[in-house]
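What follows is one structure encoded as structure tokens, with my remarks underneath.
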Amino acid sequence: MALEIIWTETARDDLFSVLSYLETTWSRNSAKRFYSILISKIDLLKNFPLIGHVSRKKPIYRRLLITKHNTLYYRVEDEKIFLLSLFDNRTNPDENPYL
């Protein structure tokens, strides 16, 4: 049974930032490709919620690599998957609250 996906406000804001950056800097097609990859990985996550790696410091969080530049952080709770953040892997790791 597929779990329900819940987008947090932070994750939604992160998504819009990534899509805006890709469309402005690269192209609308780049943004569409990223979104397509993200949605396919989220669909996979719905059926296999433990597929992501457990965070080293905070085991309630899991991470799933979306592209080499972006990682999705999430937590599973009560038959729901809470999408917490899309983190830019090029950012200083000290700024990542989910590690």
note = I6 passes all but one of the listed conditions (1) touching a Phe, Trp or Tyr at 6+ places or on another chain (Cβ under 9 Å); (2) surrounded by 16 or more Cβ atoms within 10 Å (Cβ to Cβ); (3) not polar (S, T, N, Q); the exception is number (2)
key: Single residue of T25, T91 found to be exposed (fewer than 12 other Cβ atoms within 10 Å of the Cβ) and either modelled with pLDDT under 95 or touching a Ser or Thr at 6+ places or on another chain (Cβ under 8 Å) (or both)   = T91
message = Take the residues in region 33-71 that are surrounded by 12 or more Cβ atoms within 10 Å (Cβ to Cβ) and at pLDDT below 95; name whichever of them is nearest to S17 (Cα to Cα).
response = S55
query = Can you tell me which of S40, S17 is assigned to a helix (DSSP H, G or I) and either closer than 27 Å to M1 by Cβ or aromatic (F, W, Y) (or both)?
reply = S40
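The values are calculated or read from the model by the stated rules, or taken from the named source; none is laboratory data. Keep in mind that what you see is a predicted model, and the values were worked out from it rather than measured. Note: ideal-geometry Cβ built from the backbone for every residue, glycine included; neighbour counts use all protein chains shown.
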